[in-house]
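All remarks here apply to the structure that follows.
The values are calculated or read from the model by the stated rules, or taken from the named source; none is laboratory data. Bear in mind the structure is a predicted one, so any value in this text is a computation, not a measurement. Cβ atoms come from the backbone with ideal geometry, glycine included; neighbour counts cover every protein chain shown.
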Amino acid sequence: MPAGLHERGGPITVVRMADRIRFVLNDQPVEIDGLSPMTTLLDWLREHRGLKGTKEGCAEGDCGACTVVLERPDGKHEAMNSCIALLGQIDGLVVRTVEGLQAAGGEPHPVQAAMADADATQCGFCTPGFVMTAYAFASGGESADPDTIHDALAGNLCRCTGYRPIVAAMTQVAGLPIEPPAIAAARTAAASFDDRFHAPRSLTELLALRAAHPDALLLAGATDLGLLASRSRKPPSAVIHLAYVPELTAVDETSKDVTIGAAVSYARATPPLAASFPALRPYLSRLGSRQIRTMGTLGGNIGTASPIGDMPPVLIALGARLKLVSPRGARELALESFFLDYRKTALAPDEVIENITVPKLEADEMFFCDKLSKRRDQDISTVAAGYRLAVEHGRVRRARLAFGGMAATPRRAEAVEAALVNDGFAAAARALAATFTPIDDWRGTAAYRLQAAQNLLRRLELRMASPAYALEVEAL
Ligand SMILES: Cc1cc2nc3c(=O)[nH]c(=O)nc-3n(C[C@H](O)[C@H](O)[C@H](O)COP(=O)(O)OP(=O)(O)OC[C@H]3O[C@@H](n4cnc5c(N)ncnc54)[C@H](O)[C@@H]3O)c2cc1C
Ligand code: FES
Ligand code: FES
């Protein structure tokens, strides 16, 4: 049981009063009172603050017209989509919009000057979003190689200029000196902003709130849930925001495991995961866009339980374990046992995913993963696969394989593993057909998905046989 949860025989009640949302916008402190914390940041900027530079294009995190930049205390600048971010999530953060970019004396910021010099705009609708993405990229100290620029731009769409001049502007601004935030944001100490938006600051508060508000949805990065407020204009009736609970935002590493808090963003989770599992770096670079990876989390990807979520199949193949916590205590569950049926999980109503632990590879093991989607970027997988293999003299001795898009849930494929170890790749492809009934939807028919998954196994065989082929595939 988490310390202090049941003191004097009963659960602790969170008694703090509702508080204002405080953050820093374009170097000025802001306090918001009397407005729903479920309002999107974009609506607040445009309709309440009169800052119309930030645009609404798709209202679902896809086009980047609403991009603003979070300026972290460590100097990191991260682009994010303001259309799917809820005001309550912004508490304690430092935000910059395109209006906050002007250099001293009203001169255009170097990023704006570079966009103008490169003729990187026509109708201009997408331009503030591109400018903010370029600003985050420029101050990140990254190189101007085409792959990095492509990665930075994957979350922004332009319908009229064409990307060549935009890439040219990005090339010009790479590596601008980092400007740390002028003032730090004070984070509110509140556990709730109103009776609908709960923002616990400790695990104890989180579990007490979960018990007290069983109908409130857990909210991590809001890249799934935020769409209810933006696209559907029907925000959840109540949420419990997880981003400020220390246990859920910790990253821990031992010689045996990597543990990622469930509310750690993809942007923060990628370096420790990629250090132990290098194949995850290119894989994660195709999950959404940078804007989505600033906010989205592993806990959200698992909690949403989509059969086509990118991370469950690779984490199942790796043998990941979940720590689930509730007022009744903590339990550990293999990720493969978490998904029970379509969007149905083993999470009890009072439980929360605290973290995900991934065992590191043994000396004889290697790990590969693959994702097929209709677009390279900004698109969830049609079929995804993870393979953890122990190989000796070119033969697979042990295997853990898992697939997404091949059933109502992401699933481990034990029969395919056995066929691979005992009889090789051709037998594994046949076992795949006998094991799975793939889902059938507009992303891919069941027949397509089966064929594609079998082809992924063939690709794995080629990859293992030829390191040069592996490099080509990683570069796709
Ligand atoms: C433009 C766009 C592109 C995307 N591209 C991809 C993609 O390429 N691949 C992909 O897989 N997904 C993609 N997604 C979906 C989404 O980004 C991911 O599923 C993401 O991981 C969700 O995480 P989150 O923190 O934003 O979750 P949230 O939206 O905050 O929550 C999602 C669900 O998980 C539950 N939840 C969150 N945290 C916990 C927890 N700790 N314990 C229990 N339940 C919890 C919530 O209650 C909710 O039901 C995309 C989304 C958008 C908008
Ligand atoms: S409006 Fe398109 S990503 Fe936000
Ligand atoms: S300049 Fe018109 S959409 Fe990009």
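Pro282 passes every criterion in (1) surrounded by fewer than 23 Cβ atoms within 10 Å (Cβ to Cβ); (2) in contact (Cβ under 8 Å) with a residue 60 or more places away in the chain; (3) of a type outside the set (S, T, N, Q); (4) in contact with a Ser or Thr (Cβ under 9 Å, 6 or more places away or on another chain) apart from (4).
Please verify whether segment 104-126 includes one or more residues that are within 16 Å of ligand 2 (Cβ to nearest atom) and either assigned to a helix (DSSP H, G or I) or surrounded by 23 or more Cβ atoms within 10 Å (Cβ to Cβ) (or both). Quick ask: steps written out before the conclusion?
Quick first cut of segment 104-126, residues within 16 Å of ligand 2 (Cβ to nearest atom) only: 123-126.
When the remaining residues are screened for being either assigned to a helix (DSSP H, G or I) or surrounded by 23 or more Cβ atoms within 10 Å (Cβ to Cβ) (or both), the result is 126.
Yes, the conditions are met somewhere in segment 104-126.
Please find, within segment 26-53, the residue that is farthest from Ile90 (Cα to Cα) out of those that are assigned to a loop (DSSP other than H, G, I, E, B), touching a residue at least 12 places away in the same chain (Cβ under 8 Å) and over 22 Å from the mean Cα position of the chain (by Cα).
In the first step, residues of segment 26-53 are kept if they are assigned to a loop (DSSP other than H, G, I, E, B); the result is 26-27, 33-39, 49-53.
Add one more test, that the residue is touching a residue at least 12 places away in the same chain (Cβ under 8 Å), and what stays is 26-27, 33, 35-39, 49, 51, 53.
Subset that is over 22 Å from the mean Cα position of the chain (by Cα): 26-27, 33, 35-36, 49, 51, 53.
On the way: Asn26: 13, Asp27: 15, Asp33: 14, Leu35: 14, Ser36: 13, Arg49: 15, Leu51: 17, Gly53: 19 Å.
For segment 26-53, the residue satisfying everything is Gly53.
Here's the yes/no breakdown for (1) within 14 Å of ligand 3 (Cβ to nearest atom); (2) under 26 Å from the mean Cα position of the chain (by Cα); (3) on the phi < 0 side of the Ramachandran plot; (4) of a type in the set (A, V, I, L, M):
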site	(1), (2), (3), (4)
Pro110	no, no, yes, no
Met115	yes, no, yes, yes
Ala136	no, yes, yes, yes
Ser139	no, yes, yes, no
Ala154	no, yes, yes, yes
Thr161	yes, no, yes, no
Gly175	no, yes, no, no
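Just one residue in the set Arg293, Arg268 is more than 16 Å from ligand 2 (Cβ to nearest atom), modelled with pLDDT of 95 or more and closer than 26 Å to Met366 by Cα; that residue is Arg268.
Yes/no matrix, rows are residues, columns are (1) more than 19 Å from Gly61 (Cβ to Cβ); (2) of a type in the set (A, V, I, L, M):
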{"residue": "Leu209", "(1), (2)": "yes, yes"}
{"residue": "Ala229", "(1), (2)": "no, yes"}
{"residue": "Pro235", "(1), (2)": "no, no"}
{"residue": "Asp257", "(1), (2)": "yes, no"}
{"residue": "Ser265", "(1), (2)": "no, no"}
{"residue": "Thr270", "(1), (2)": "no, no"}
{"residue": "Leu273", "(1), (2)": "yes, yes"}
{"residue": "Ser289", "(1), (2)": "no, no"}
{"residue": "Ile292", "(1), (2)": "no, yes"}
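Return yes when Val239 is away from ligand 2 (no atom under 16 Å from the Cβ), touching a residue at least 40 places away in the same chain (Cβ under 8 Å) and in contact with a His (Cβ under 9 Å, 6 or more places away or on another chain) and no when it is not.
Working: away from ligand 2 (no atom under 16 Å from the Cβ): yes; touching a residue at least 40 places away in the same chain (Cβ under 8 Å): yes; in contact with a His (Cβ under 9 Å, 6 or more places away or on another chain): yes.
Yes; evaluated as a whole, the condition is true for this residue.
Here's the yes/no breakdown for (1) β-branched (Val, Ile, Thr); (2) at pLDDT 95 or above; (3) within 25 Å of Asp74 (Cα to Cα):
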| residue | (1), (2), (3) |
| --- | --- |
| Glu107 | no, no, no |
| Ala116 | no, yes, no |
| Gly129 | no, yes, yes |
| Ile166 | yes, yes, no |
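Annotation note: Cβ proximity below 8 Å between a residue of segment 151-171 that is away from ligand 2 (no atom under 16 Å from the Cβ) and a residue that is β-branched (Val, Ile, Thr) (sequence gap 6+ or interchain) occurs for Thr161/Thr121; Val167/Ile149; Ala169/Val111; Met170/Ile149; Thr171/Ile149. The one condition from (1) within 23 Å of the chain's Cα centre (by Cα); (2) surrounded by fewer than 21 Cβ atoms within 10 Å (Cβ to Cβ) that Phe436 does not meet is (1).
State whether one or more residues within segment 124-142 are within 16 Å of ligand 1 (Cβ to nearest atom), assigned by TED's automatic domain parsing to the domain that holds Gly53 and touching a Cys at 6+ places or on another chain (Cβ under 8 Å).
Yes, because at least one residue in segment 124-142 is within 16 Å of ligand 1 (Cβ to nearest atom), assigned by TED's automatic domain parsing to the domain that holds Gly53 and touching a Cys at 6+ places or on another chain (Cβ under 8 Å).
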